[in-house]
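Some notes on the structure that comes next.
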Amino acid sequence: LGSNLPDRVYQDAGAEIAPDAASALADADIVLKVQRPLLAGEGDLDELALIKRGALLFAILNPYNSRDHVAAYAAAGVNAFAMEFMPRITRAQVMDVLSSQANLAGYKAVVDAASEYGRAYPMMMTAAGTVPPARAFIMGVGVAGLQAIATAKRLGAIVSATDVRPAVKEQVQSLGGSFVAVENDEFKQAETAGGYAKEMSDDYKRQQAALVAEHIKKQDIVITTALIPGRKAPILVTREHVASMKPGSVIIDLAVEQGGNVEGSELGKVVTTENGVKIVGHANYPSRIAESA
C-alpha cells in the first residue's frame, strides 16, 4: 500500500494472496524479497525462521555490513543470493539493483534538498528584485552523484562535483557541472579495474580537504554519495566544514546507513546544527520514491 500497489494488482498479474507471511513462506522453494529477511528481535516476525531449509532466497542482503545475518542464513540452511553481487556486465544490467536504486536516490536527494532549503534553486529575475541561483556541490560521482548533478542542474542550480576517480571529470562537465579535485599523479591512478574509487593516501586527503574546505563555504546544497564496498563510508564533510557553511544550507548524506560521509549526520533524522545547517540522514532512500523504485 505504501507503494500504491494494492493486492488486486498482484491478483491481476496472476498471484494468489496469502493470508499472512507465515503461510506465504511455509512451502516456498524460492523467496524473492527487496530487503533481507528480518531476524528475531528486528520486527514483528522472525522471517528467516519461516523459510524452509533448502529454499533459495534472492534479495538485497547488504552482506558486507550484515555478516551475522549471512551466518544465520547458513545456519538455517537457506541458499542466499545477494543481488548486489550481480556482475556489472551488459547481460546482467536488467538485474543491477545497485545502479537502478542509486539513480533514484540521487534524484530524490536533490528534491529533498529543495524541500528543506528556504530559497529557490534557479536565478529568478523579477521587477521586485533578483533571487541568486543556489550552489549545489555533489561529493562522489557514481550513479547517484551523476543523477544528482543532472537533477540539480535541471532545477537551475550552479552545480559542482568532486570525486577521486579521474574518469568522472568529463562526465561531470558533460552534465554542465564544474569539477573540483586536486589533479596530481595519485589522482590520475585513483580507480580500480572495476570502476570503484581507491582509498587515497593521507597526503592526498589533506590536499583535497583543503580544497574542499574553501569550496564548501560557498555552497547552499551539499549531497554526499561516497561508498567503499565492504568498508565504512569515508568522512567527506567534517564538523569544521559544516560550521563554515551559511545558515539555511542543506546537506544530504546518502551514505548514512553505512556510517555516513558527514560528521554529525544521524540515521533516520534531520539534524539542525548550531549555525543553522540542516544535515539530512534519511534511511532507505529509494523507499522515499517507492513507486519508481
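Principal axis extents of the C-alpha atoms in region 235-280 (largest first, rounded to whole Å): 26, 18, 13. Rounded to the nearest 10 degrees, what's the angle between the helix 143-154 long axis and the longest principal axis of the chain, both from Cα atoms, 0 to 90? Approximately 50 degrees, to the nearest 10. Accessible surface calculations at 1.4 Å, restricted to protein heavy atoms, place the chain at 54 Å² per residue.
Using only side-chain charges placed at the Cβ, +1 for Lys and Arg and -1 for Asp and Glu, the dipole size of region 1-152 relative to its Cα centre rounds to 740 debye. Taking the longest Cα principal axis of the chain as reference, the axis of helix 97-116 is set at about 50 degrees. Electrostatic tally near Glu266: other residues with Cβ closer than 14 Å to its Cβ, Lys and Arg +1, Asp and Glu -1, net 0.
Highest GNM mean-square fluctuation among Leu155, Leu39, Leu254, for the chain modelled with Cα contacts below 10 Å: Leu39.
Only Cα pairs under 8 Å and 6+ residues apart enter the sum, and on that basis the relative contact order of the chain stands at 13 percent. Extension gain, Ala283-Ala213: 0.36 nm per intervening residue step, less the Cα-Cα distance, totals 22.5 nm. Phe179 sits among other residues whose Cβ lies under 9 Å from its own Cβ, and their net charge, with Lys and Arg +1 and Asp and Glu -1, is -2. Here region 73-96 and region 228-278 have alpha carbon centers that stand 31 Å from each other. Look at the dipole of region 73-165 built from charges on Cβ: of Leu146, Pro122, Thr90, the Cα furthest out on the positive end belongs to Pro122.
By accessible area, using a 1.4 Å probe on protein heavy atoms only, the chain has 54% of its surface on carbon and sulfur.
Ranking Gly260, Gln173, Val159 by how far each Cα lies toward the positive end of the dipole of region 153-263 (charges on Cβ) leaves Val159 at the top. In 10 Å bins starting at zero, report the fraction of Cα pairs in the chain per bin as a rounded %. Taking every Cα pair in the chain, the percentages come to 6, 24, 31, 22, 13, 4, 0, 0. Pairs from the table (Lys33/Lys153; Lys205/Lys246; Lys188/Lys278; Lys33/Lys278; Lys188/Lys246; Lys33/Lys169) lying more than 29 angstrom apart at Cα are Lys33/Lys153; Lys188/Lys278; Lys33/Lys278; Lys188/Lys246; Lys33/Lys169. Helical runs (DSSP H, four residues minimum) scored at -39500 (n - 2.57) apiece and divided by the length of the chain put the mean residue ellipticity at 222 nm at -8500 deg cm²/dmol. Each residue of region 180-186 was assigned a 3J(HN,Hα) from its phi angle through the Karplus expression (A = 6.51, B = -1.76, C = 1.60, θ = phi - 60°), giving 10, 6, 7, 9, 9, 5, 5 Hz with x at Gly and Pro. In the complete set of protein chains, residue-level accessible area for Met124 is approximately 90 Å², probe 1.4 angstrom. Each Lys and Arg adds +1 at its Cβ and each Asp and Glu adds -1 at its Cβ; summed about the Cα centre, region 69-159 shows a dipole of about 280 debye.
Dividing the mean sequence gap of close Cα pairs (under 8 Å, 6+ apart) by how many residues region 1-54 holds gives a relative contact order of 28 percent.
Accessible area per residue (1.4 Å probe, heavy atoms of protein chains only) ranks Asp202, Asp20, Asp12 as Asp12, Asp202, Asp20, with the largest value leading.
Between Lys33 and Thr90, the modelled labels are 3.5 nm apart [label points 7 Å from Cα along Cα→Cβ].
Placing +1 on the Cβ of every Lys and Arg and -1 on the Cβ of every Asp and Glu, with no other charges, gives the chain a dipole of roughly 820 debye about its Cα centre.
The values are calculated or read from the model by the stated rules, or taken from the named source; none is laboratory data. Since we're looking at a predicted model, the values are computed, not measured. For neighbour counting, all protein chains shown are included, and Cβ atoms are generated from backbone atoms with ideal geometry for every residue, glycine included. Only protein heavy atoms, including side chains, enter the accessible area calculation; ligands, DNA and RNA are left aside. Shrake-Rupley method; radii C 1.70, N 1.55, O 1.52, S 1.80 Å.
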